[in-house]
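Only one structure is covered here, and it is reproduced in the block below.
Since every read-out is calculated from the coordinates, none of them should be taken as a lab result. Quick caveat: nothing in here was measured; it's all calculated off a predicted structure. When we count neighbours, we look across all protein chains shown, and the Cβ atoms used for this are built from the backbone with ideal geometry, even at glycine.
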Amino acid sequence: EGKVLRLNLDGSIPGDNPFVGQVGKREEIFAYGFRNPFRMGFDPQSGNLWVADVGDFTIEEIDVVTSGSNYSWPYCEATQPSGCAQPGDVAPIFQYPHTGPGSLGTSITGGQFAGNTFGGLEGDYFFGDYLGNKIYHAEPNGTRDGIVGTPTTFVSSAGGPVDFAFGPLD
């Protein structure tokens, strides 16, 4: 089970972390229940931390991280199977299936907010799907804790890292 840790710049644990002083709990843990949180971005307007969490066999998701929250892995992949969530779990703000209607790909990668020189899209969230080979644009909602509608394709042929085959190094 993946976790998001929160530490001070000097490596100490912030006193207001959710598990400080709790017996048997790691005090550096800020949130848990992620499968593979792959890249994070702080919303410059709200300060919220958004995480792209790579799914397993079925669903990719985007989460807004809050203190002490459980994001349901390993008993849920996003919100599937139906009824998997336990009381207090936090659902993703956006999810998409690997196949069928609504699929954007099979490996959410990255996620960041556009800066103030991004052609009128400043403050919007962008994420990629490595195997889908695209970059998507998502407009945050008014409270900056979700998105409006469905993300749209921003770049349709993004590519990925190139594999290089090297010969002898002599």
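Give me, ordered by chain and number, the residues 5 or more places off Ser72 or on other chains with an amide H under 5 Å from its own placed amide H.
So Ser72 has HN proximity to Val90.
Let me know the longest stretch in the chain that avoids all trypsin sites (Lys or Arg not before Pro) found in a DSSP loop with at most 15 other C-beta atoms within 10 Å.
My reading of the result: 27-170 is the longest stretch.
Counting only residues 5 or more places away or on other chains, whose amide H sits under 5 Å from the amide H of Gly2 once H atoms are built in the peptide plane?
Gly33, Phe34, Arg35
Using the Karplus curve 6.51 cos²θ - 1.76 cosθ + 1.60 with θ = phi - 60°, work out ³J(HN,Hα) for each residue of the stretch 135-141 in order, rounded to whole Hz, and write x for Gly and Pro.
10, 10, 10, 10, 8, x, 6
Out of residues 5 or more away from Thr109 or on other chains, whose amide H comes under 5 Å of its own, with H placed 1.01 Å from N in the peptide plane?
Distant-sequence amide H within range of Thr109: Gly128, Asp129, Tyr130.
Once you put a point 7 Å from the Cα of Asp56 and another 7 Å from the Cα of Asn133, both along the Cβ direction, what distance in nm separates them?
2.9
Hey, what's the Cα Rg ratio for the chain versus the globular rule of thumb, 2.2 N^0.38 Å?
Expressed relative to 2.2 N^0.38 Å, the Cα Rg reads 1.14.
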